[in-house]
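These notes are about the structure you will find just below.
The values are calculated or read from the model by the stated rules, or taken from the named source; none is laboratory data. Bear in mind the structure is a predicted one, so any value in this text is a computation, not a measurement. Backbone-built Cβ (ideal geometry, glycine too); neighbour counts: all protein chains shown.
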Ligand SMILES: NC(=O)c1ccc[n+]([C@@H]2O[C@H](COP(=O)([O-])OP(=O)(O)OC[C@H]3O[C@@H](n4cnc5c(N)ncnc54)[C@H](O)[C@@H]3O)[C@@H](O)[C@H]2O)c1
């Protein structure tokens with residue numbers, strides 16, 4: 001069968017934040033596609049759960065407990081990864097602090113950017129796999145929303161800008177792209193989403209909230225050889241949420257012309 005994405009069997013990938021939500025879905029999807037996964041997470045037990053799930057499904061994974069925002073921990077994680085898998089050509093950087101973690105402004109911004117910068121910088125010190133593709137988890141909160149938690153908006157814009165600097169300069173030949181999700185239902189957001197009913201997707205043209213697999217599918221495509229000419233993209237995985245506002249929806253509902261069938 002035609003292998004559209006074009007990954008060679010067994011190519012290694014590092015996934016940060018692989019113990020939960022989007023990172024977990026990226027790790028599981030990568031393994032289904034035949035990649036060998038180095039599953040990094042701050043919570044080692046969570047990384048191990050993901051690695052065990054991959055192994056139980058017949059894949060290959062290694063769990064590493066690591067703070068992606070700590071350089072010496074990242075150096076050690078890369079050492080273990082390279083020792084186990086050899087040169088790595090794919091990096092999916094999903095780890096980052098939650099917006100509602102009550103951080104001071106600069107702490108939030110610095111931690112979020114270090115979570116993508118340090119794994120990348122130390123990656124560039126590793127043996128060359130022949131090609132490098134990276135995908136970074138930003139958010140529509142970066143370019144789109146001015147409200148909410150200021151440090152998170154700034155941090156996610158910075159992650160996107162960091163990606164663009166890599167895509168433009170291409171250190172180590174990196175091909176870099178970012179994914180900007182709108183609301184995605186994950187362990188991080190489920191409590192808030194449940195508490196606010198359908199608010200997170202009421203105006204979304206797709207009529208539902210995003211799920212981690214929506215992001216994972218986009219991430220694996222961007223990392224794959226099929227996307228070899230895609231570089232510097234900020235891909236919004238949002239179901240088209242920017243195309244409608246709640247006010248727009250209410251007005252159309254009130255006039256009887258709302259696209260209720262699409263919800
Ligand atoms: N869920 C959403 O609605 C949404 C929307 C836009 C962007 N994002 C971004 O997607 C990414 C994943 O979000 P999620 O909803 O899957 O979150 P999640 O909390 O479900 O999972 C995040 C994982 O990252 C790990 N992690 C956090 N800090 C880390 C660090 N310093 N080092 C290593 N691992 C660390 C956590 O332990 C956790 O297992 C985040 O960067 C988030 O900002 C999420």
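Only one of the listed residues (232, 168) is closer than 30 Å to residue 105 by Cβ and in a loop (DSSP other than H, G, I, E, B). That residue is 232. Considering the conditions (1) over 27 Å from residue 133 (Cβ atoms); (2) under 21 Å from the mean Cα position of the chain (by Cα); (3) without any contact (Cβ under 8 Å) to a residue 40 or more places away in the chain, residue 149 is excluded by exactly one of them, (3). Taken together, the residues in segment 202-219 that are within 12 Å of the ligand (Cβ to nearest atom) and either within 14 Å of residue 185 (Cα to Cα) or loosely packed, with under 15 Cβ neighbours inside 10 Å (or both) amount to 8.
From the list 145, 152, the one residue that fits, being in a helix (DSSP H, G or I) and farther than 23 Å from residue 82 by Cβ, is 152.
Within segment 55-86, the set of residues being away from the ligand (no atom under 16 Å from the Cβ) and touching a strand residue (DSSP E or B) at 6+ places or on another chain (Cβ under 8 Å) comprises 55, 59, 60, 84, 85, 86.
Residues that are touching a residue at least 24 places away in the same chain (Cβ under 8 Å) and more than 10 Å from the ligand (Cβ to nearest atom) within segment 93-106 comprise 100, 103, 104, 105, 106, listed in sequence order. Is it the case that residue 199 is at pLDDT below 95 and more than 11 Å from the ligand (Cβ to nearest atom)? Criteria met by residue 199. Restricting 163, 206 to residues that are assigned to a helix (DSSP H, G or I) and either more than 30 Å from residue 72 (Cα to Cα) or touching a strand residue (DSSP E or B) at 6+ places or on another chain (Cβ under 8 Å) (or both) narrows the list to 163.
How many residues are out of contact with any helix residue (DSSP H, G or I) (no Cβ under 6 Å at 6 or more places or on another chain) and either modelled with pLDDT under 95 or within 16 Å of residue 171 (Cα to Cα) (or both) when one looks only at segment 118-151?
Going residue by residue through segment 118-151, those that are out of contact with any helix residue (DSSP H, G or I) (no Cβ under 6 Å at 6 or more places or on another chain) are 120-121, 123, 125, 127-131, 134, 137, 140, 143-150.
Now restrict to residues that are either modelled with pLDDT under 95 or within 16 Å of residue 171 (Cα to Cα) (or both): 120-121, 123, 125, 127-131, 134, 143-150.
The number of residues fulfilling the criteria is 18.
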